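Below is one structure, written out as structure tokens; the observations come after it.
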Amino acid sequence: MALTNATSNTITIRLKLLFFEFFSDTVPLYFDSMNIAEWIEQVARQLDDASLFFGHGTDNARDEAAWLVLHAVGAPLDGSFSNWGKEVDSGAETEIERLTSARRKSRQPLAYLLGTAWFAGLEFSVNPDVLVPRSPIAELILDGYRPWVNPDRVNRMLDMCTGSGCIAIASALQLPRAHVDAVDVSAKALDVAAQNVKRHGLGERVTLLQSDLFRSIDSQKYDLIVANPPYVPLGSLAELPAEYRAEPGLGLVSGLDGLEAVLSILVDAPAFLGEDGILICEVGESNEALVAALPGVPFLWLEFEQGGSGVFVLNREQLQAAGSELTDIVGVRRNVI
């Protein structure tokens with residue numbers, strides 16, 4: 001999962017909010033009949049006034065207002081919309097008002113209220129059984145995971161902790177030869193992922209598997225393993241904004257220090273990687289704790305042009321070399337627990 005909001009995964013309308021060239025900041029906010037630009041301004045102010053948190057596809061009230069309004073009027077969310085002066089009919093106005101009120105009162109992520117979210121330029125069905133897609137890994141996907149792999153030579157990929165299936169599905173579309181196994185411990189999450197696999201027509205290339213990390217996976221050799229496990233320390237959950245606490249805790253919390261899942265992945269991954277296999281894993285804000293726990297592991301931390309952090313790369317050889325250190329720390333932690 002990811003707490004940080006990566007710009008690469010936001011609704012792709014930020015740069016298209018050029019309605020200011022059409023619509024002056026001095027225009028009053030309320031009219032008997034308002035156009036789309038005016039509605040966006042009104043909703044943005046209402047969202048701002050409610051002191052909401054923005055981190056589930058947008059990072060500010062205006063972008064979220066644009067997402068909400070364009071959804072309500074049935075406009076495209078791919079960045080192509082430009083008709084900001086179009087008047088909003090009464091039915092859409094009612095829906096805008098309903099969604100705005102629900103967002104303010106419930107403090108649920110807007111994606112849950114709409115039932116959809118965008119990731120790597122694709123639309124996915126979501127509900128409170130899965131985290132809202134927002135990982136900076138989207139930027140890697142759109143680059144075909146270069147330079148870490150040759151996208152034309154990835155035959156098998158594993159997406160660990162798949163949730164809605166967004167990483168598995170987007171990866172399958174960017175890796176033309178890959179068959180992707182998408183794993184999650186939650187049956188409810190896999191139900192959502194199944195909807196998305198069908199939605200994107202990938203039933204023959206994406207296989208959904210229920211497993212607690214690697215525990216129930218048959219012996220396979222993957223060219224690429226991508227993991228986005230839970231990494232929030234248990235004690236931090238209550239301190240998160242309400243929007244995060246609306247998401248399934250199973251996808252957020254990983255033990256007392258947030259490292260339980262990632263350490264297990266690091267121990268088991270070498271057995272499932274091919275000779276030149278690569279592990280890419282997101283641990284978000286737990287990156288410093290992971291480095292402190294494993295000072296001898298040569299984590300390569302990636303930087304992203306569109307924002308986001310806490311994603312590392314390790315190859316099979318590096319993981320094998322770190323095996324004794326990993327085994328020791330996991331053993332100590334289990335004995336303490």
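Taking amide hydrogens as modeled 1.01 Å from N in the peptide plane, which residues meet the under 5 Å criterion relative to Leu273, leaving out close sequence neighbours?
Tyr222
Expressed as a rounded percentage, what relative contact order does the chain have, with Cα pairs under 8 Å and six or more residues apart?
For the chain, the relative contact order is 17 percent.
Under a Cβ-Cβ cut-off of 14 Å, what is the net charge of the residues other than Glu285 that fall near it, where Lys and Arg count +1 and Asp and Glu count -1?
In short, -3.
Obtain the nm distance between the two label points defined at Ala246 and Asp152 by a simple spin-label model: each point lies 7 Å from its Cα along the Cα-to-C-beta direction.
Roughly 4.5 nm, to one decimal.
How high is the relative contact order of the stretch 183-309? Use alpha-carbon pairs under 8 Å, at least six apart in sequence, and give a whole percent.
26
Rg and Dmax of the stretch 98-196, Cα atoms, in Å?
Reported Rg and Dmax, both Å: 14.8, 49.
Using 0.36 nm per residue, how much length does the chain from Asp78 to Ala321 gain when fully extended, once their Cα-Cα distance is taken away?
Full extension from Asp78 to Ala321 adds 83.0 nm.
Quick one: which residues, 5+ away or cross-chain, put their amide H under 5 Å from the amide H of Asp143? H built at 1.01 Å from N.
Under 5 Å from the amide H of Asp143: no residue qualifies.
Can you give the local net charge around Leu140? Use residues other than it whose beta-carbon is closer than 12 angstrom to its beta-carbon, Lys and Arg +1, Asp and Glu -1.
Summing Lys and Arg as +1 and Asp and Glu as -1 gives -4.
Short version: ³J(HN,Hα) in whole Hz for each residue of the stretch 163-179, in order, from phi by Karplus 6.51 cos²θ - 1.76 cosθ + 1.60 (θ = phi - 60°), x for Gly and Pro, what are they?
Residue by residue, the stretch 163-179 yields x, 6, x, 5, 5, 4, 5, 4, 5, 4, 6, 9, 10, x, 9, 7, 9 Hz.
Apply the Karplus parameterisation 6.51 cos²θ - 1.76 cosθ + 1.60, with θ equal to phi minus 60°, to every residue of the stretch 128-135 and state each ³J(HN,Hα) to the nearest whole Hz, in sequence, with x for glycine and proline.
Each residue of the stretch 128-135 in turn: x, 7, 9, 5, 6, x, 6, 6 Hz.
With axes computed from alpha carbons, what is the tilt in degrees of helix 323-336 against the longest principal axis of the chain, rounded to the nearest 10 within 0 to 90?
80
Quick one: work out Rg over Rh on the C-alpha atoms of the chain, Rh as Kirkwood radius.
Values: Rg = 21.1 Å, Rh = 20.9 Å.
Dividing the radius of gyration by the Kirkwood radius yields 1.01.
Give me, ordered by chain and number, the residues 5 or more places off Ala182 or on other chains with an amide H under 5 Å from its own placed amide H.
Residues meeting the criterion, in which the H sits 1.01 Å from N, are Asp159, Thr207, Leu208, Leu209.
At 0.36 nm per residue, minus the direct Cα-Cα distance, what do Glu275 and Arg333 gain on full extension? Give it in nm, one decimal, please.
17.9 nm
Compute a Gaussian network model of the chain, connecting alpha carbons closer than 10 Å, and tell me which residue from Ala66, Ala242, Ala193 fluctuates the most.
Ala242
I'd like the orientation of helix 61-73 relative to the chain: the angle between its Cα long axis and the longest Cα principal axis, in ° from 0 to 90, rounded to 10.
With both axes taken from Cα atoms, the answer is about 70 degrees.
Among Pro241, Pro233, Pro295, which one moves the most in a GNM of the chain with springs linking Cα atoms closer than 10 Å?
Maximum among the listed residues: Pro295.
Which residue, Val197, Val180, Val88, tops the fluctuation ranking in a GNM of the chain built on C-alpha contacts under 10 Å?
Val88
Report ³J(HN,Hα) in whole Hz for each residue of the stretch 193-207, in order, from the Karplus equation J = 6.51 cos²θ - 1.76 cosθ + 1.60 where θ = phi - 60°; Gly and Pro get x.
4, 5, 4, 6, 4, 5, 4, 9, x, 10, x, 8, 10, 10, 10
Taking the simple approach of a point 7 Å from Cα along Cα-to-Cβ for both Ala292 and Ala50, what is their distance in nm?
The modelled label-to-label distance comes out at 3.7 nm.
How much FRET efficiency would the formula 1/(1 + (r/R0)^6) give for His179 and Ser33, where r is the Cβ-Cβ distance and R0 is 56 Å, rounded to 0.05? Mind dumping the intermediate values first?
Values: r = 53 Å, r/R0 = 0.94.
Efficiency at R0 = 56 Å is approximately 0.60.
With r as the distance between the Cβ atoms of Ser106 and Asp218 and R0 = 45 Å, compute the FRET efficiency 1/(1 + (r/R0)^6) and round to 0.05.
Computed FRET efficiency for Asp218 and Ser106: 0.60.
Each reported figure results from applying straightforward, stated rules to the coordinates on display, with no laboratory input. This is a predicted model, so every value here is computed, not measured. Here the Cβ is made from the backbone with ideal geometry for all residues, glycine too, and neighbour counts use every protein chain on show.
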